[in-house]
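Notes for the one structure printed next.
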2 protein chains.
Amino acid sequence: MHVMIIGAVGMLGKKLASVIAKTRQCNGQSVTRLTLVDIAVAETPENPAFPIESLAFDLSHTDTAPLLTKRRPDIIFHLAAIVSGEAENDFEKGYAINLDGTRHLFEAIRRERDRNGNAADYRPRVVFTSSIAVFGGPYPDTISDTFFRTPQTSYGTQKAIGELLLEDYTRRGFMDGVGLRLPTICIRPGLPNKAASGFFSSILREPLVGQPATLPVEDTVRHWHASPRAAVRFLLHAGTMDSSRLGHRRTLNMPGLSATVAEQVEALRTVAGNDAIALIRREPNPDIAAIIAAWPQDFTADRATDLGFRAERSFEDIIAVHIEDELGATSA
Amino acid sequence: MHVMIIGAVGMLGKKLASVIAKTRQCNGQSVTRLTLVDIAVAETPENPAFPIESLAFDLSHTDTAPLLTKRRPDIIFHLAAIVSGEAENDFEKGYAINLDGTRHLFEAIRRERDRNGNAADYRPRVVFTSSIAVFGGPYPDTISDTFFRTPQTSYGTQKAIGELLLEDYTRRGFMDGVGLRLPTICIRPGLPNKAASGFFSSILREPLVGQPATLPVEDTVRHWHASPRAAVRFLLHAGTMDSSRLGHRRTLNMPGLSATVAEQVEALRTVAGNDAIALIRREPNPDIAAIIAAWPQDFTADRATDLGFRAERSFEDIIAVHIEDELGATSA
């Protein structure tokens, strides 16, 4: 099976590529070829056990996508996106990558299907990462699987449009699409960044290595989380699951853990003790608090759970994943 | 005030243009210029009381929309669309007009705003006709204003994407958009056509002029209707209403009348007697019945009603509108 990852330089793309290269599998199915695509060339493992190709392409150019689909990957993971803050700051770039790039890919798949006059012979699984940014308030306390798409950012709009296109191209038989609305990924590895959501990770990540971190909101703030490992597991599962069980509604709210900041902090105390907690500095920031107040807090994710998607059940687990996967150790 | 109607050759576009030309008003506000746009040249009234221009443009061409927006209309009614059946039969044409055409228009508005380096001076009201085709089953018995967008046709997908773009371009301050999800228009004037929904109109329209009509479904079938006159009233109201009351959720389910075919037939009996009813031939058609079974039956439309949109309350009223507006008479 030939797997293609578009957006292979991003945090999730890298982790997904690494798992597939190491296990030679996607959720139990044998992988014999891997193609990595991003705006920059993705690093490939040395001495891979099967062919791994790394391609630098800008999906917003109309001539790029056909060069990808002519390779006829069986599974395409489409993770490439301009993130929320940048899509809000650069209107044209966000639409060029997040909307046009996605549409170019789907169009190239549709045309590849017909390129050799053999309409039935190409219909790849396409796993599209969407986001809970397709939702906007006011929300119910818990968001069900039938809550309506009401984005309040350009990024959320572009993701919602991607979902609609995925569903229509799938319904028309051009591809076999599965959309995943990922929770906020916590703990994000790497350096602190200026994303409004950054503190959810940094208040855990930094103290775990003895560094200070800033908490800009009240600890009653509640949000929806899953670990990077859970997100990769979602992708692998979506790559090979029986998609006929999805019907026409091809996009799923992924399971996650709804937790308050206080619950995050208590989990850190359990895992790393009071010294770690002491490294969290409370510096209320009304701008960040206002942004976070507009975000969803909790989901049911019943459909995804019924379909076998699994997230962490406690923040202790989420912290343990970070320690195992990023800090090269096994937690207590 | 300068009003532009895009899709001016269609049934609603023609009626809207005619009302504005006659009254020189849009919902009480004075109109001093009217521009009619469609793929073909729209007829203009003789001796109009103010300048009326008619332009033939194909909105799917990227260079067309700026030629419209440089005229800086204060209100743009965007009614142009490839209809449901054609968008399903011709995938590329549907996307070219319904998605690309709409996006070209919105982009041209955004760029017109900046064209003279005067960012604040152009922000037109844009009234976009969407459709209850943005919804797909399974449905609740009555669809509320927060039911989610789940189209099951390419047309419905394209309309849902148009709504999302309208909402994002409005939120970003590029325009002042209002989206209207119209009920099925009944009684559509003109000749019988092959649309699956055609019988809802023809079982009333044909018998009213002594012609036979075919009923392909059970008379327990329930659907959601408004007259052409109500639809034009919705458009005029949306053209000048206080849009600040909409918040971020810029698209409204329009009010209508939920009625069974049996209720339609009884209304016809009340207005036109048993001789008219006798002209309805029952010829069950399982294909049409299956299509109609997937359509919504009833809505609350509370938001639109609170905002002053009004539809008919009985099928006798809907029939009376047809007799007055199309048959040149006043019903009893």
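The values are calculated or read from the model by the stated rules, or taken from the named source; none is laboratory data. This is a predicted model, so every value here is computed, not measured. Positions of Cβ are generated from backbone atoms using ideal geometry, with glycine treated the same way; all protein chains shown enter the neighbour counts.
Quick notes
- Residue count for the range B:1-41 under the criterion of being surrounded by 21 or more Cβ atoms within 10 Å (Cβ to Cβ) and at positive phi: the result is 1.
- When each of A:A96, A:A8, A:A87 is tested for being within 21 Å of A:T157 (Cα to Cα), at pLDDT 95 or above and within 21 Å of the chain's Cα centre (by Cα), the lone residue that passes is A:A96.
- Here is the figure for the range B:205-241: residues that are of a type outside the set (G, A, S) and either over 20 Å from the mean Cα position of the chain (by Cα) or under 21 Å from B:G136 (Cα atoms) (or both) total 18.
- Flag if B:G162 is in a helix (DSSP H, G or I), more than 8 Å from chain A (Cβ to nearest Cβ) and under 22 Å from A:F147 (Cα atoms): yes
- Residue that is nearest to the other protein chains (Cβ to nearest Cβ) [pool: residues in the range B:125-147 that are of a type in the set (S, T, N, Q) and assigned to a loop (DSSP other than H, G, I, E, B)]: B:T146
- Close pairs (7 angstrom Cβ cut-off, 6 or more residues apart or separate chains): within 14 Å of chain A (Cβ to nearest Cβ) in the range B:234-258, basic (K, R) anywhere: B:H248/B:R171; B:T251/B:R181; B:L252/B:R181; B:L252/B:R303; B:N253/B:R181
- When the residues of the range B:185-199 are filtered to those that are buried (at least 19 other Cβ atoms within 10 Å of the Cβ) and either charged (D, E, K, R) or touching a Ser or Thr at 6+ places or on another chain (Cβ under 6 Å) (or both), the one that is nearest to the other protein chains (Cβ to nearest Cβ) is B:S197.
- A:Y95 being within 11 Å of another protein chain (Cβ to nearest Cβ), of a type in the set (S, T, Y), over 24 Å from B:I143 (Cβ atoms) and crowded, with 23+ Cβ neighbours inside 10 Å: no
- Taken as a whole, the range A:103-111 holds no residue that is over 23 Å from A:R172 (Cα atoms), out of contact with any Leu (no Cβ under 8 Å at 6 or more places or on another chain) and surrounded by fewer than 22 Cβ atoms within 10 Å (Cβ to Cβ).
- Only one of B:G256, B:G239, B:G210 that is in contact with a His (Cβ under 7 Å, 6 or more places away or on another chain) and either under 30 Å from B:S18 (Cα atoms) or crowded, with 20+ Cβ neighbours inside 10 Å (or both): B:G256
- Identity of the residue in the range B:165-177, surrounded by 22 or more Cβ atoms within 10 Å (Cβ to Cβ) and within 19 Å of the chain's Cα centre (by Cα), that ends up farthest from the other protein chains (Cβ to nearest Cβ): B:G177
- Residues being in a strand (DSSP E or B) and in contact with a His (Cβ under 9 Å, 6 or more places away or on another chain) - total across the range A:181-203: 2
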